[in-house]
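Read the figures in this text as sums done on the coordinates, not as results from a lab. Just so it is clear, the structure is predicted and the values come from calculations on it, not from any experiment. Every residue, glycine as well, gets a Cβ built from its backbone with ideal geometry; the counts of neighbours run over all protein chains shown.
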Amino acid sequence: MAGAIGTATAATMMTMGQQNYLSGITDPTKPENIVVSLTSGVQNAFIFAMVVSIIGLVLAFFIKRVKVED
């Protein structure tokens, strides 16, 4: 379930980055602008994934091991 949520969130971040780039240019229908906007969206998705991974790595250092007594 968490994988599906992460994938959906990354895809949303990619789409938002693409739309944000296209809204700031004069001619969003030019093919080269579409390619650059897609690249911008993918970069946003990878930055999001990197931030989530770093947060997970930092939190992993605070996991305590529980010793089981026999």
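In a fully extended conformation the segment linking Leu57 and Ile5 would gain 16.8 nm over its present Cα-Cα distance, using 0.36 nm per residue. Relative to the longest principal axis of the Cα atoms of the chain, the long axis of helix 31-60 lies at roughly 10 degrees. Each helix, a run of at least 4 DSSP H residues, gives -39500 (n - 2.57); summed and divided by the residues of the chain, these come to -26500 deg cm²/dmol at 222 nm.
Relative contact order of the chain, taken over Cα pairs closer than 8 Å and 6 or more residues apart, is 34 percent. Value of Rg to Rh for the chain, rounded to two decimals, is 1.30; Kirkwood radius and Rg both from alpha-carbon coordinates. Can you tell me the length gained on complete extension of the stretch Ser23 to Lys67, counting 0.36 nm per residue apart and subtracting the Cα distance? Between Ser23 and Lys67, full extension yields 10.3 nm more. Restricting the chain to chymotrypsin sites (Phe, Trp or Tyr not before Pro) that sit in a DSSP loop and have at most 14 other Cβ atoms within 10 Å of their own Cβ leaves Phe61, Phe62.
For the chain, the longest principal axis of the C-alpha atoms and the axis of helix 2-23 are separated by about 30°.
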